[in-house]
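S.K.: Below is the structure I would like to discuss, written out as structure tokens.
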Amino acid sequence: MIENSKVNSTDVAIIKNDSPTKAISNGIELLGGISRFIGKEDSVFIKINLRAPSGFPVNVSMDSLRNLIILCKKAGAKEIYVGGFPENGVKTSTLSSILGLKSYLENLGAELISLDDQVTSSFSIVDVNGKNIEYPTRVLESDKLIILNQVSVDPLFKCTLSILNYYSLVSSKSQKIEKIIRSGKDYLLLDQYKQDLISNILDVFSIKKPCLVINDMFYFLEGAGPFIFKDSSIIRTGLVVSGSDAVAVDLITLKLLKIDLLSSEILLEARNRKLGITNVSEINLKGESLDANKLIVNFSVYKLNEITINNTYLQEGRICSGCFKEAYYLLNFMKTHMTKDLKYIRKQSILIGENPPEPDTVENVIVFGDCALKSTKNRDFRYIQVPKKDSTIKTVRGKIKKDNSSQNKPIMKEKVNKSIIEIPGCPPDMYMSLNTLVKYYGKTKAPNLSFYNALLNQFVFKESEKSIKKKGVNSDV
Amino acid sequence: MFNEDLRKNWLDILKFNSKVSIIENPRKLDEKVRIPLTPIQIDAFLLYNLFAVLYPRFINQQQNILDIIVSDFDIDNIVFGVYLYKTNKPGVHETVEILPNDLVGIKQENLSDIKEIFNKFQSMILKDHGVKINSIRLIKKRGLDLINSHYGKISNSTNSDIFRSFLDLMQISLNGNLLAMYPEPYILKFLRNNITLLEGIKLSSIFAFIEDLIPSFNVLVTMASNQLSFGVILKKVESKTINSDIEVKLLPIEREDYDLNSYRLLTDIKKAQQTFMVDNVFNINLNGILKFLSELFENEIPLHKEILRLLFQKFLYGIRRYDLHWSMYPKPKVFNTLIRFLIRLIGIDLNLKKLSHWAIPDYIFGLFDTFAGLNARILLIITSNKTTHDITNQTPITILLEIENGSLTKVKNIIEKEILSGIDQKSLDSIRFAYSERFGFITNIIILDKILIKTILNTFIFKFHKISLFSILKVLKMLKKPQIFQIYPEIPPYSHLKRKNSFFFMKDLLKIAIDRHNF
Ligand code: SF4
């Protein structure tokens, strides 16, 4: 692991202040001042949350970022780069133009780095535990790496820790977890997806140690997150945790949220790998008292059926964290942006995971994820019984004769149920899921989703839209 | 201590009110008084009824009120005057009794505990006069001086000037705690907390701004319920030679002259239009409005986003209930079945009776929260007759809106011109950066020209009866013109509007805004 800090890594500062920027400055001051982290002529890379084209707190607080850049400049930094991979393959340039980021950072004397731009960004292959990881050369070559992390609730890890933020230094493609079934091991039961994800996150994290880690929880997004949903809400805690050991900073952040090390799989694995300090007694706490500042917050729900959505019935089989996370986003999206559509749709069932129970109705069945698709191939809901149409001559003859047999029970025949929306993927991708739903429901049944999808088309679906047009699929199904 | 006009008018009101209970048909008295603090002449019996209905609903439901005038200075007993109103009907002031100033001594430091002051006066007056007071109004002498000086303006100013002065009076009194009541009515708390959201913005300036934007009009707003029916004639007169002015008249709507239907709406509003010689008549169910306002005032400020969502829903529901909660004359074209049928032929459903009140707020709030964020700072620049992007050669109104957790927490008027000195003012980047350096990160800048606000007000309020596809399209097209409207950085919904054909954009919007079928 590449080290890059002069500061005693056992120091962690907890600051509480009325001003978010002062909370950050005071924290750094307490740790010995910015010059302990940044030297003259250093090139600095600041890794921020740059998740999606959305407002605060999906992305980092720009006021906190500005403050940090100014401090780095004061310390004599020669170059300051800012960046990170946005989620779901959204381009940094798109995100920058929606947020007006590039010019804002330039005015501050920093540069927004589009890690996803093949022309300007290069990658080095780093070997970690036999895995070849594509790591941005710019970050590798920067003298100092800082993580400025906005803390919000997270469906998989309870809250967005700095180590998770670090993971988006590699592309969405590299972040994708391939389903590798180990012999004799139950992928779903062991939640192998999450284990592999944690392993990958820590592999990437182990490449280069940040010199300074700031968990900005001055404003904390609780309820549903880390994107903004209907059940999301911001609380003003006034707290910022900083230090040079990311694991220690994350541990203290979790402690403030009343989460124990033993409940955090990622920190437990970090402990196994000795990637940082995981023993609170070894941490030199500075600033506010940990015990006096513990917070009571609403975390994300742990069960998908706790997300109550109008007219939607969830049938859950055995699932892993991959489908849990994506379904969590999809369900929250529906709850936030599809009020009207859900009323028009009247009833929809979502089948998710391996061997989900049968849906209540055969109408609008969303089969979500490869496990659900595979395990429901021959299920009853895939076929429907429809009355067999008699030939017109037979019907007319029956009527003329007032044949009683025409009033008999109609003969039924089996047909393939076409009211099924298959969303493949392991796990499925959120934006593609929405696109599939729009194609199925159409504008008339889902006007809200159609409009939203048109907005997404501007920055996500440009390519896929072309192929839809080519195939001549009519969205007004 | 009191302005002579104010005193005389108030005593006239009391005198009239005291006659009402002993006269068989007080309506026939045909006396005129002025609405306190305004120049508006009103039928005294209508004012009586307004007090009888509105005071208990919004201020206090119980009888007997005590007014206490106190000094602003720290003296032994700061009480300057004590006035007891024994009320037979809550809110209807009939008699006034001056009580001695030393009935209960108050010091400046006692003012922080108004409940204690109330308790002392209540027990003392009960003991001495056998009357149980149920509310007190505490007015600082400075507040009274302001009222007096406001009154001084009434005889020689235009109505608009007087409204502005009234708004100033209200803002100063609430900001400076010159008026306090116990028990504190929701409306007072609501107004005071709303005013504290405004930083450097005078209510009178907002009034002047809106007055300047709205066209000439001559409308009658009728409001009726079982207990109270009245009309307000609002008229804006514009002329090239003199400044515009707004005329306000309040008049009783005699129930013998106008029938009310089961929804408490006038059945013949055309007759009202002709009788009062106005261009438009808005006919509103008073109970609905009063219920909406009562619920509104009960909320904490800043309004929580969920409450705002709910209030927005109720407001849209009110609009949807045409013919039930409100109606207007001339009847809006969009409510004409034939016209709607013809529009339907081109695939557009513009039926406001099917406005999706239950879904629109969710969708708008969802989009706003997603793209602007739960915490945001939005800089609003209002220009007039802007022909270029350059905002230097005019003096635009610049307002900063601060949003926290989806609620508006501050509205600030920015007057410092030096913020923009030395920067490239044609570049929205530079403008945003300059303001961000001063006030914190500006999420978005919205630049809009007054002409757009004017058009929106005309389309959706003053010429609502003429609203059509074309007038909505006109607004959408204006939004696309950079000299009229700009958002920087552009948020996806706005980029979508700019890219898409206005007609098809409107079609998509109406799909969101109008129900496909009734549920
Ligand atoms: S399809 Fe979903 S539940 Fe199945 S393994 Fe993949 S991510 Fe897990």
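S.K.: Once you sort the root eigenvalues of the Cα gyration tensor of region A:11-293 as a ≥ b ≥ c, which label holds: rounded (a/c under 1.5), prolate (a/b larger than b/c) or oblate (the other case)?
M.R.: Here region A:11-293 falls in the rounded category.
S.K.: Still on this model: Which residues among region B:197-216 fall inside the zone where the amide N is under 18 Å from a point 7 Å beyond the Cα of B:LYS454, along Cα→Cβ?
M.R.: B:207-216
S.K.: Let me ask another. For B:ARG432, B:ARG192, what ranking results if the residue with the fewest other Cβ atoms within 10 Å of its Cβ goes first?
M.R.: Result, fewest neighbours first: B:ARG192, B:ARG432.
S.K.: Then there is this: In degrees, nearest 10, range 0 to 90: what is the angle between the Cα axis of helix B:186-197 and the longest Cα principal axis of chain B?
M.R.: Long axis of B:186-197 versus the principal axis of chain B: about 50 degrees.
S.K.: Additional query: Calculate the mean, over all residues of peptide A:440-450, of how many other protein chain Cβ atoms lie within 10 angstrom of the residue's Cβ.
M.R.: If you average over the peptide's residues, the count of other-chain Cβ atoms is 3.
S.K.: Name the residue from B:ASN218, B:ASN287, B:HIS304 whose Cα lies farthest towards the positive end of the charge dipole of region B:214-331, charges +1 on Cβ of Lys and Arg and -1 on Cβ of Asp and Glu.
M.R.: Comparing the listed Cα positions along the dipole, B:HIS304 ranks first.
S.K.: Let me ask another. For A:LYS230, list the aspartates and glutamates whose Cα falls under 12 Å from its own Cα; do not include residues on the same chain fewer than 8 positions away.
M.R.: Within reach: A:GLU222, B:GLU306, B:ASP362, B:ASP369.
S.K.: Note down the nm distance, to one decimal, between modelled labels 7 Å out along Cα→Cβ at A:ASN305 and at B:ARG344.
M.R.: Inter-label distance under the simple model: 4.3 nm.
S.K.: Let me ask something additional. Considering only DSSP beta bridges with both partners in chain B, what is the antiparallel share in %, to the nearest 5?
M.R.: 70
S.K.: Here's something else I'd like to know. Roughly what angle does helix B:469-480 make with the longest principal axis of chain B, taking Cα atoms, 0 to 90 degrees, to the nearest 10?
M.R.: 80
S.K.: Give me B:LYS270, A:LYS73 sorted ascending by neighbouring Cβ count inside 10 Å, so fewest comes first.
M.R.: By the 10 Å Cβ count, ascending, the order reads B:LYS270, A:LYS73.
S.K.: Another question, then. On C-alpha positions alone, give me the angle between the axis of helix B:44-58 and the longest principal axis of chain B, in degrees, nearest 10.
M.R.: It works out to around 70 degrees.
S.K.: How shielded is A:332-343 by partner chains, expressed as the average number of their Cβ atoms within 10 Å of its Cβ atoms?
M.R.: Partner Cβ neighbours, averaged per residue: 4.
S.K.: Now for a separate question. Please arrange B:THR459, B:THR443 by counting, for each residue, the other beta carbons lying within 10 Å of its beta carbon, fewest first.
M.R.: By the 10 Å Cβ count, ascending: B:THR459, B:THR443.
S.K.: Shifting gears a bit: By how many nm would the segment from B:ARG516 to B:SER421 grow when fully extended, if each residue of separation counts as 0.36 nm and the alpha-carbon distance is taken off?
M.R.: Answer, rounded to one decimal: 28.9 nm.
S.K.: Now, a different point. Using 1/(1 + (r/R0)^6) with R0 = 25 angstrom and r between the beta carbons of A:VAL119 and A:ASN88, what's the FRET efficiency to the nearest 0.05?
M.R.: 0.70
S.K.: Right, next: Might you report the magnitude of the Cβ-based charge dipole of chain A about its Cα centre, with Lys and Arg at +1 and Asp and Glu at -1, to the nearest 20 debye?
M.R.: 2500
S.K.: Any idea how far apart A:GLU29 and B:VAL232 come out in nm if each label point goes 7 Å out from Cα toward Cβ?
M.R.: Label at A:GLU29, label at B:VAL232, 5.3 nm between them.
S.K.: Calculate the FRET efficiency for A:THR137 and B:ASN413 from the Cβ-Cβ distance with a Förster distance of 56 Å, rounded to the nearest 0.05.
M.R.: Once the sixth-power term is evaluated, E becomes 0.70.
S.K.: Separate question: At a Förster distance of 22 Å, what's the computed FRET efficiency of A:ASN298 paired with B:GLU404, Cβ-Cβ distance as r, to 0.05?
M.R.: 0.80
S.K.: I want to make sure I understand the PRE zone here: with the label point 7 angstrom from the Cα of B:LYS132 toward its beta carbon, which residues in region B:42-70 have backbone N atoms less than 13 Å away?
M.R.: B:62-64
S.K.: Here's another thing I want to ask about it. Looking at this model, which pairs from B:LYS202/B:LYS498; A:LYS102/B:LYS450; B:LYS107/B:LYS412; B:LYS89/B:LYS189 are more than 26 angstrom apart at the alpha-carbon?
M.R.: B:LYS202/B:LYS498; A:LYS102/B:LYS450; B:LYS107/B:LYS412
S.K.: In nm, to one decimal, how far is the B:TYR317 label point from the A:LYS415 one, both placed 7 Å along Cα→Cβ?
M.R.: Between B:TYR317 and A:LYS415, the simple spin-label model gives 4.1 nm.
S.K.: Please give the charge dipole size of region B:20-175, origin at the Cα centre, charges +1 on K and R Cβ atoms and -1 on D and E Cβ atoms. Round to the nearest 20 debye.
M.R.: The dipole magnitude comes to about 400 debye.
S.K.: For a test of understanding, tell me how many lysine pairs in region B:214-331 have Cα atoms under 25 Å apart, given they are 8 or more places apart or on different chains.
M.R.: 19
S.K.: Stretch B:LEU54-B:LYS271 to full length: gain in nm at 0.36 nm per residue minus the Cα-Cα span?
M.R.: Here the answer is 75.4 nm.
Here, each number is a calculation from the coordinates, and none is a lab measurement. Values in this document were obtained by computation on a predicted structure and should not be read as measured data. As a convention, Cβ positions derive from the backbone with ideal geometry for all residues, glycine included, and neighbour counts pool all protein chains shown.
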